[in-house]
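Here the structure is laid out as structure tokens; the discussion comes afterwards.
The values are calculated or read from the model by the stated rules, or taken from the named source; none is laboratory data. Since we're looking at a predicted model, the values are computed, not measured. Cβ sites come from the backbone with ideal geometry, for glycine too, and all protein chains shown count toward neighbours. When the accessible area is computed, the model is the full protein with side chains, heavy atoms only, and any ligands, DNA or RNA have been set aside. Shrake-Rupley method; radii C 1.70, N 1.55, O 1.52, S 1.80 Å.
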Amino acid sequence: MPIEVHADFRVLYEDADVLAVDKAAPLLMHPTGDKNEPTLWHGVKELLAYELACGGQVSFINRLDRETSGITLVAKTSAAARELGKAMQQRLFQKEYFAVVQGIPLWESACCDEPILRMEEVLPTRIHVRQCCHPQGKPCCTEFEVLRRVPARRGLPALTLLRCIPHTGRLHQIRVHASYLGFPLLGDKIYGGNEQNYLDFIAQGWTPELAERLHIRRHALHACSLRFPFGGQEIEVKSPLPEDLASLLA
């Protein structure tokens with residue numbers, strides 16, 4: 001069964017220079033390869049048609065995996081893109097995520113500062129993009145806070161809703177660190193404990209067998225808060241837990 005994609009997003013904040021939208025999953029940010037499917041870029045380009053006709057642009061400042069939902073920031077002018085890009089490089093952006101993980105942590109909060117690198121550099125893997133914690137990796141730090149614990153029921157494992165604060169921006173950082181601590185994200189095809197899930201999904205798409213193993217179609221990660229400086233002020237944008245993840249905790 002092919003993956004279902006709709007150009008779903010909603011506007012969370014907008015001014016003359018900046019647009020923040022709530023991206024759904026599994027929406028791609030940009031067109032890629034020969035995939036003929038909707039993307040966030042197509043949707044935002046249509047939304048900003050007037051600005052583009054008047055010399056504006058569409059520049060994504062932060063990027064999310066296709067299976068990660070939540071806040072995506074767009075610069076509507078070249079000047080805004082430069083200012084926001086510089087603030088991002090200086091690590092002036094403050095990001096928070098919701099994650100629904102498998103298992104029940106005994107701790108209320110935890111900090112993982114294990115370095116991360118591409119796994120194939122040090123260990124065998126069939127997944128080129130897979131990352132892992134390793135002493136030779138790049139510095140990395142993620143804070144976790146327990147928000148809610150839900151016991152196992154109705155065919156679902158025990159689950160925990162975590163608030164995640166990444167202090168660095170490594171590829172798959174939250175997913176890698178959560179898995180390293182023993183609490184992989186629900187639905188994570190790469191870091192959920194069996195990389196065959198990812199290989200099966202790439203080969204066959206979403207199947208009843210994968211649904212039984214993974215429970216949800218995408219990994220349970222949502223970018224819920226973004227604070228950044230722009231034009232001499234601090235702007236904060238928030239997005240609530242989406243319905244597909246909230247229903248897991250009901």
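In region 125-144, is there at least one residue being small (Gly, Ala, Ser), assigned to a loop (DSSP other than H, G, I, E, B) and touching a residue at least 40 places away in the same chain (Cβ under 8 Å)?
no
Mind counting the residues in region 140-151 that are open to solvent by less than 20 Å² (accessible area, probe 1.4 Å) and either closer than 25 Å to Gln90 by Cα or among the charged types (D, E, K, R) (or both)?
3
Among the residues of region 39-79, what is the count of those that are of a type in the set (Lys, Arg) and under 20 Å from Lys95 (Cα atoms)?
The qualifying residues number 2.
Quick one: would you say Ser59 is open to solvent by less than 50 Å² (accessible area, probe 1.4 Å), touching a strand residue (DSSP E or B) at 6+ places or on another chain (Cβ under 8 Å) and in contact (Cβ under 8 Å) with a residue 40 or more places away in the chain?
No: the conditions fail for Ser59.
Quick one: in region 121-139, of everything that is out of contact with any helix residue (DSSP H, G or I) (no Cβ under 7 Å at 6 or more places or on another chain) and open to solvent by 90 Å² or more (accessible area, probe 1.4 Å), which residue is nearest to Arg163 (Cα to Cα)?
Pro139
Do you know which residues across region 26-61 are out of contact with any helix residue (DSSP H, G or I) (no Cβ under 8 Å at 6 or more places or on another chain) and of a type in the set (A, V, I, L, M)?
Leu40, Val44, Leu47, Leu48, Ala49, Ala53, listed by residue number.
What are the residue pairs meeting all of these: first residue in region 178-206, first residue over 15 Å from Ala99 (Cα atoms), second residue among the small types (Gly, Ala, Ser) and open to solvent by 30 Å² or more (accessible area, probe 1.4 Å), Cβ atoms under 8 Å, and 6 or more apart or on different chains?
These pairs meet every condition: Gly193/Ser179.
Output yes when any residue across region 23-33 is under 11 Å from the mean Cα position of the chain (by Cα) and charged (D, E, K, R), and no when none is.
Scanning region 23-33, I find at least one residue that is under 11 Å from the mean Cα position of the chain (by Cα) and charged (D, E, K, R), so the answer is yes.
Picking from Thr160, Thr168, which residue would you name as being hydroxyl-bearing (Ser, Thr, Tyr) and farther than 30 Å from Ala87 by Cβ?
Residue meeting the stated conditions: Thr160.
Mind checking whether some residue in region 211-231 is among the acidic types (Asp, Glu) and within 13 Å of the chain's Cα centre (by Cα)?
The answer is no, given that none of the residues of region 211-231 is among the acidic types (Asp, Glu) and within 13 Å of the chain's Cα centre (by Cα).
For every residue, the table says whether it meets (1) of a type outside the set (A, V, I, L, M, F, W, C); (2) modelled with pLDDT under 95.
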residue: Pro26; (1), (2): yes, yes
residue: Met29; (1), (2): no, yes
residue: Arg82; (1), (2): yes, no
residue: Phe93; (1), (2): no, no
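I need a count of the residues in region 16-38 that are touching a residue at least 12 places away in the same chain (Cβ under 8 Å) and either open to solvent by 20 Å² or more (accessible area, probe 1.4 Å) or over 18 Å from Ala49 (Cβ atoms) (or both).
Of the residues in region 16-38, 14 are touching a residue at least 12 places away in the same chain (Cβ under 8 Å) and either open to solvent by 20 Å² or more (accessible area, probe 1.4 Å) or over 18 Å from Ala49 (Cβ atoms) (or both).
For (1) of a type in the set (Lys, Arg); (2) at pLDDT 95 or above; (3) touching a strand residue (DSSP E or B) at 6+ places or on another chain (Cβ under 6 Å), each residue gets a yes or a no:
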| site | (1), (2), (3) |
| --- | --- |
| Gln89 | no, no, no |
| Glu96 | no, yes, yes |
| Val100 | no, yes, yes |
| Ala110 | no, yes, yes |
| Glu120 | no, yes, no |
| Arg130 | yes, yes, no |
| Gly137 | no, yes, yes |
| Cys141 | no, yes, no |
